[in-house]
Amino acid sequence: MLQIIPATDRHHAAPVQWLSSYFLFSFADYYDPQNVHFGPLRVFNDDTIQGKSGFPQHPHSEMEIVTLVLEGELTHQDTMGNKATIKKGEVQRMTAGTGLAHSELNDTDKAAHIYQLWFLPNQKGLASSYEQKDVDFLDTKNELVPLVSGQKVLEDVVYMNSNSTVYWCNLGEDKTVTFKTFPIRNTFLYVKEGTLYVNGVDIGANDQIRATDQHVLEIRATKDAQFILIDLPGSEANY
């Protein structure tokens with residue numbers, strides 16, 4: 001089954017001067033009991049953070065938090081003692097585990113565009129930890145590039161404590177990529193820009209596909225496209 005969720009169905013958070021945020025799942029003041037998570041993917045926020053602003057220090061626990069920087073940069077600081085700048089094309093993962101607090105600030109004059117993803121961890125009570133890597137995913141061409149994974153068959157990616165993998169793809173017009181999966185797995189796809197034809201369905205910028213009971217996704221760009229694809233366990237026992 002392919003569930004298509006158009007861009008217009010995303011929840012646009014109440015506007016504030018420094019932040020434009022679209023919630024793809026229930027988050028903060030938005031709650032829909034039919035849209036809480038998809039497998040272990042609990043949060044997907046599409047955020048644009050204006051310059052000289054950002055998220056002040058706040059706590060987290062029992063969550064794997066992944067941030068992809070698409071434009072601009074953020075300054076990260078946490079109670080584990082980490083302080084780093086996350087730049088365009090870099091990926092950050094925090095294991096909140098038993099608890100931490102952090103801030104994410106845009107210290108520049110230019111807006112920063114990020115995707116922030118939260119995954120339910122495959123076990124509770126983990127020690128908090130941090131990882132950051134320059135994957136340079138925005139310059140790749142016509143392939144699914146793994147960025148973050150808890151599936152140990154993949155190397156040279158950011159590790160997370162979830163039986164899931166986050167991929168990125170820059171797909172040229174009329175080019176095709178194939179993603180092989182299993183009916184016991186779920187696949188989530190979100191388009192940043194361009195248009196795609198996926199298993200007989202047309203989707204465009206900021207549209208989503210939530211796929212279940214599939215063996216393969218055939219993805220063709222009908223216009224130069226960028227998208228994120230997330231491979232997820234379908235059974236709660238496999239989170």
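The values are calculated or read from the model by the stated rules, or taken from the named source; none is laboratory data. What you are looking at is a predicted structure, and each value in this text was computed from that prediction instead of being measured. Here Cβ is always computed from backbone atoms with ideal geometry, including for glycine, and neighbour counts include all displayed protein chains. The protein model used for the area step is the full one, side chains on, heavy atoms only, and it has no ligands, DNA or RNA in it. Shrake-Rupley method; radii C 1.70, N 1.55, O 1.52, S 1.80 Å.
General observations
- Candidates Ala205, Ala84, Ala221, ranked by Gaussian network fluctuation over the chain, Cα under 10 Å, top entry: Ala84
- Considering only Gly39, Leu68, Ser21, the residue lying farthest towards the positive end of the dipole of the chain is Gly39, judged by Cα position with unit charges set on Cβ.
- Charged side chains reduced to their Cβ positions (Lys and Arg at +1, Asp and Glu at -1) give the chain a dipole of some 280 debye around its Cα centre.
- Among Gln50, Gln123, Gln208: highest mean-square fluctuation, GNM of the chain, C-alpha pairs under 10 Å: Gln123
- Cα centroid separation, the range 1-58 to the range 132-190 (Å): 21 Å
- Dipole of the chain computed with +1 at Lys/Arg Cβ and -1 at Asp/Glu Cβ about the Cα centre; of Gln92, Val191, Pro121, farthest Cα towards the positive end is Pro121.
- Length-normalised contact order of the range 1-119 in % [C-alpha pairs under 8 Å, at least 6 apart]: 30 percent
- Volume in Å³ per residue [convex hull over Cα atoms, computed for the chain]: 120 Å³
- Accessible area per residue in Å² at 1.4 Å probe, computed on the chain: 45 Å²
- Loop-located GluC sites (Glu not before Pro) across the range 146-239 with a Cβ neighbour count of 10 or fewer within 10 Å are Glu155, with loop assigned by DSSP.
- Normalising the average separation of contacting C-alpha pairs (under 8 angstrom, six or more residues apart) by the number of residues puts the relative contact order of the range 190-229 at 56 percent.
- Of the trypsin sites (Lys or Arg not before Pro) found in the range 133-239, those in coil by DSSP whose Cβ has at most 11 other Cβ atoms within 10 Å are Lys141, Lys152.
- The range 80-183 - percent relative contact order, Cα under 8 Å, separation 6 or more: 28 percent
- Cross-linked pairs Lys52/Lys133; Lys133/Lys223; Lys52/Lys192: Cα-Cα separations exceed 27 Å for Lys133/Lys223.
- Among Val69, Val166, Val201: highest mean-square fluctuation, GNM of the chain, C-alpha pairs under 10 Å: Val201
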